[in-house]
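The values are calculated or read from the model by the stated rules, or taken from the named source; none is laboratory data. Only a predicted model underlies this, so the values are computations on that prediction, with no experimental measurement involved. Methodologically, a virtual Cβ is constructed for each residue, glycine included, from the backbone with ideal geometry; neighbour enumeration extends over all protein chains shown.
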Amino acid sequence: MMTTQELAGKVAIVTGGGTGIGRGIAVALAREGVRVLICGRRDAPLQETVQEIREAGGEASAISADVSDEQDVERVVGQTKNAFGDVDILINNAGIGGGNRVHEHSVQEWDRILAVNLRGPFLLARAVLPAMRRRGSGHIVNISSESGIEYYEGDGAYGVSKHALNALGEIIQRENQELGIRVDTICPGMVVTDMSEGSVGLDESKCLYPQDVADLAVWLLRRRPNTKIGRPVLIQTMENPWS
């Protein structure tokens, strides 16, 4: 009989793990028995997530870091190895918003969004892939966006970064799948997070919630090792959340 992959005892890094989707995924993974290292720019939310996981009996640690900084990424991966061992799962969730029409973007805004949303996942993947390749196993999940599939006016750097993240994931998959490494990309529609709460015209009752995305991430991670889900997975609501 075919069975799903057990996650207990595996080691995961979850970027942007202090709030929103990242926090939801970190808590869900810990519930599965995964030892979780979360990182983000703000220490207080990270510690709250760690406390929630530990109080529920899970294992977690946290480190403040900027995923667009190469040295910070090295610290994140190093601390994960010291605390729990080699990384089995990488959740590239950290990201920032900032849509605008292309001709209205400042260079600084453009560069910052691309640095966090694209260079960050590249740096993390580059840091964990050598050990995954040596072991012949590993799983990377990129949290992209519906804006990475559709083309919305005024999405600017954010939309470009998410389309590029989808491509990055597919390239990493093809370069490493013969070594047993999988890459999945999730493209959520509107999710209720700290960034979206209180948005004008947004009906939060018709939105996704972090747990919806976390449930999908866990489902993807639990697939049998030889199972590939394919191109970016879109998860969205059936009702339009915008009035």
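Scanning segment 53-64 for residues that are under 19 Å from A8 (Cβ atoms) and in contact with a helix residue (DSSP H, G or I) (Cβ under 8 Å, 6 or more places away or on another chain) returns I53, A56, G58, E59, A60, S61.
Condition check ((1) touching a helix residue (DSSP H, G or I) at 6+ places or on another chain (Cβ under 8 Å); (2) among the β-branched types (V, I, T); (3) farther than 21 Å from I113 by Cβ) across all residues:
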| position | (1), (2), (3) |
| --- | --- |
| A127 | yes, no, yes |
| Q177 | no, no, yes |
| G189 | yes, no, no |
| D194 | yes, no, no |
| K206 | no, no, yes |
| K228 | yes, no, yes |
| M238 | no, no, yes |
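Within segment 104-124, being of a type in the set (V, I, T) and surrounded by fewer than 17 Cβ atoms within 10 Å (Cβ to Cβ) holds for one residue alone: V107.
Strands (runs of 3 or more DSSP E) fully within segment 77-194 that include at least 1 residues being small (G, A, S): 138-143. Here V67 qualifies as crowded, with 16+ Cβ neighbours inside 10 Å, under 16 Å from G20 (Cβ atoms) and touching a residue at least 40 places away in the same chain (Cβ under 8 Å).
Of these, V141, V192, which one is touching a strand residue (DSSP E or B) at 6+ places or on another chain (Cβ under 8 Å), of a type outside the set (G, A, S) and closer than 18 Å to L124 by Cα? Spell out the reasoning first.
Numbers: V192 fails: closer than 18 Å to L124 by Cα.
The conditions single out V141.
Among residues of segment 162-176 that are touching a residue at least 12 places away in the same chain (Cβ under 8 Å), those with a beta-carbon under 9 Å from a residue that is in a helix (DSSP H, G or I) and surrounded by fewer than 17 Cβ atoms within 10 Å (Cβ to Cβ) at least six positions away or on a different chain give the pairs N176/R133. With respect to the conditions (1) of a type in the set (D, E); (2) farther than 30 Å from M238 by Cα; (3) under 15 Å from the mean Cα position of the chain (by Cα), E109 lacks only one, and its number is (3).
Answer with yes or no whether D72 is among the acidic types (D, E), assigned to a loop (DSSP other than H, G, I, E, B) and either under 30 Å from D155 (Cα atoms) or at pLDDT 95 or above (or both).
no
No other residue among A44, A12, A26 is at pLDDT 95 or above, under 13 Å from I91 (Cβ atoms) and assigned to a helix (DSSP H, G or I) apart from A26.
Taking the criterion of being touching a strand residue (DSSP E or B) at 6+ places or on another chain (Cβ under 7 Å), under 22 Å from A26 (Cβ atoms) and surrounded by fewer than 19 Cβ atoms within 10 Å (Cβ to Cβ), would at least one residue in segment 159-175 satisfy it? Within segment 159-175, not a single residue is touching a strand residue (DSSP E or B) at 6+ places or on another chain (Cβ under 7 Å), under 22 Å from A26 (Cβ atoms) and surrounded by fewer than 19 Cβ atoms within 10 Å (Cβ to Cβ).
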